[in-house]
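Peer 1: What follows is a single structure, and I will ask about it in a moment.
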Amino acid sequence: MPIAPHEYEYIRELVRVRAGITLESGKEYLVETRLTPLARHEGLKGIDDLISKMRSGPLALSLIRKVIEAMTTNETSFFRDMHPFDALRDKVIPDLLAKRAVSKTISIWCAAASSGQEPYTTLMLLRENFPQLFTGGWRFNFVATDLSSEMIRRCKEGKFSQLEVNRGLPAALMVKYFKKNGMEWQIDEQLRKACEFREMNLCEDWHGLGNIDIVFMRNVLIYFSVETKRQILGKVRKIMKPDGYLFLGGAETTINIDDAYDRVQIQRSGIYQVRSAA
């Protein structure tokens with residue numbers, strides 16, 4: 001049964017307020033596709049019953065959380081788009097190693113960890129090319145966050161299906177850093193311990209991040225309204241070090257949203273720095 005207009009408006013407003021996600025008109029099919037399986041999993045007949053249960057009862061908050069997570073896009077793959085990782089290896093990390101030679105501290109934040117491919121790609125790249133970050137001579141801090149508690153659980157486990165490891169992961173790195181665990185592949189325990197995974201909503205307070213050298217926020221802003229994008233980019237400037245680097249997705253930009261950023265011309269990567277640090 002198609003979602004009713006008033007039900008769609010309720011979900012649309014809910015995800016806007018709770019997660020900053022903007023659903024345009026005509027996305028009813030997306031809500032139906034994402035929430036119908038959830039309704040059935042909860043033992044309900046359809047989305048109308050799901051909304052009724054969300055509006056009342058002791059389990060409303062828990063159900064609202066599941067709805068928000070269901071409406072969050074978790075498309076990802078290992079070494080996705082590749083160019084940003086080339087830039088990280090060839091320019092960004094060497095630059096920061098030189099600038100941080102005295103403090104010997106580098107901090108990275110992946111703001112949308114999804115099921116873990118991006119943070120683990122970054123860790124493998126760093127282990128392969130900059131092993132000094134893992135030997136104790138440097139203080140290397142890596143935090144990865146996501147809105148979804150289920151995604152954070154998956155990140156911590158570091159387990160991936162055959163299909164997932166086939167998407168972008170070089171065979172040499174799979175052999176070196178993964179072990180077969182039943183029907184899944186699990187990444188090396190040392191890499192799992194090298195990252196702190198936390199649940200975090202970008203539209204709420206950013207607790208305990210500290211000063212960050214590199215912020216990965218790729219393919220996240222495209223789901224937000226202009227005002228929410230502006231708020232998030234402003235918050236990034238507050239936690240990112242003055243000479244730090246912000247990685248955005250290929251279809252994302254700070255232009256006409258936050259003019260305090262300049263694009264860094266490194267290959268075809270969507271990398272930005274605060275203008276005063278350029």
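Since every read-out is calculated from the coordinates, none of them should be taken as a lab result. Treat the numbers as computed from the prediction; the structure is a model and nothing was measured. Cβ: placed from backbone, ideal geometry, glycine included. Neighbour counts: every protein chain shown.
Peer 1: Given labels modelled 7 Å from the Cα in the Cβ direction, how far is it in nm from Thr253 to Asn74?
Peer 2: Between Thr253 and Asn74, the simple spin-label model gives 3.2 nm.
Peer 1: Right, next: Going by C-beta contacts inside 10 Å, put Ser161, Ser115, Ser56, Ser148 in order with the fewest on the left. Please report the intermediate quantities before stating the final value.
Peer 2: Details: Ser161 12, Ser115 25, Ser56 8, Ser148 22.
In increasing order of surrounding Cβ atoms, one gets Ser56, Ser161, Ser148, Ser115.
Peer 1: Using DSSP to define loop residues, name the GluC sites (Glu not before Pro) in region 1-63 whose beta-carbon has at most 10 other beta-carbon atoms within 10 Å. Working shown, then result.
Peer 2: Details: sites: Glu7, Glu9, Glu13, Glu24, Glu28, Glu32, Glu42; in loops: Glu24, Glu42.
When the GluC sites (Glu not before Pro) of region 1-63 are filtered for loop state and at most 10 Cβ neighbours within 10 Å, Glu24 remain.
Peer 1: Quick check on the exposure proxy: order His83, His6 from fewest to most C-beta atoms within 10 angstrom. Could you put the intermediate results ahead of the total?
Peer 2: Working: His83 16, His6 9.
Fewest to most other Cβ atoms nearby, the residues stand as His6, His83.
Peer 1: Moving to a separate point now. What is the magnitude of the charge dipole of the chain about its Cα centre, with +1 placed on the Cβ of each Lys and Arg, -1 on the Cβ of each Asp and Glu, and no other charges, expressed in debye to the nearest 20? List each step's numbers first, then the result.
Peer 2: On the way: 40 positive and 35 negative charges, 155 e Å.
So the magnitude is around 740 debye.
Peer 1: Next question, about the same structure. Tally Lys and Arg at +1 and Asp and Glu at -1 over the other residues with C-beta under 12 Å from the C-beta of Glu157: what net charge comes out? Write out the running numbers ahead of the final one.
Peer 2: On the way: positive: Arg153, Arg154, Lys156, Lys159, Arg192; negative: Glu150, Glu184, Glu189.
Here the charged neighbours net out to +2.
Peer 1: Exposure proxy check: Leu123, Leu96 ranked by fewest other beta carbons within 10 Å?
Peer 2: Values: Leu123 26, Leu96 22.
Exposure proxy ranking, most exposed first: Leu96, Leu123.
Peer 1: Would you calculate, for the chain, the mean residue ellipticity at 222 nm contributed by helices, counting each DSSP H stretch of 4 or more residues as -39,500 (n - 2.57) and dividing by all residues, to the nearest 500? Show your work: numbers first, answer last.
Peer 2: Numbers: 12 runs with 114 residues, N = 278.
Counting only the DSSP helices, I get -12000 deg cm²/dmol.
Peer 1: Still on this structure, I have one more. Report Rg/Rh for region 1-131, rounded to two decimals, where Rg is the Cα radius of gyration and Rh the Kirkwood radius. Working shown, then result.
Peer 2: Details: Rg = 20.9 Å, Rh = 17.8 Å.
Rg divided by Rh gives 1.17.
Peer 1: Modelled label-to-label distance, Asn181 and Arg16, 7 Å Cα→beta-carbon offset: nm?
Peer 2: Taking the two extended label points, one gets 4.1 nm.
Peer 1: Just flag the GluC sites (Glu not before Pro) in region 172-254 sitting in loop per DSSP whose Cβ has no more than 15 other Cβ atoms within 10 Å.
Peer 2: On the way: sites: Glu184, Glu189, Glu196, Glu199, Glu204, Glu227, Glu252; in loops: Glu204, Glu252.
Hits after loop and neighbour filter: Glu204.
Peer 1: How many angstrom lie between the Cα centre of region 181-231 and the Cα centre of region 8-85?
Peer 2: Measuring centre to centre over Cα atoms gives 19 Å.
Peer 1: Quick one: 3J(HN,Hα) in Hz for region 13-27, Karplus 6.51/-1.76/1.60 with θ = phi - 60°, rounded, Gly and Pro as x.
Peer 2: Those phi angles translate into 6, 4, 6, 5, 6, 7, 10, x, 7, 9, 9, 7, 4, x, 9 Hz.
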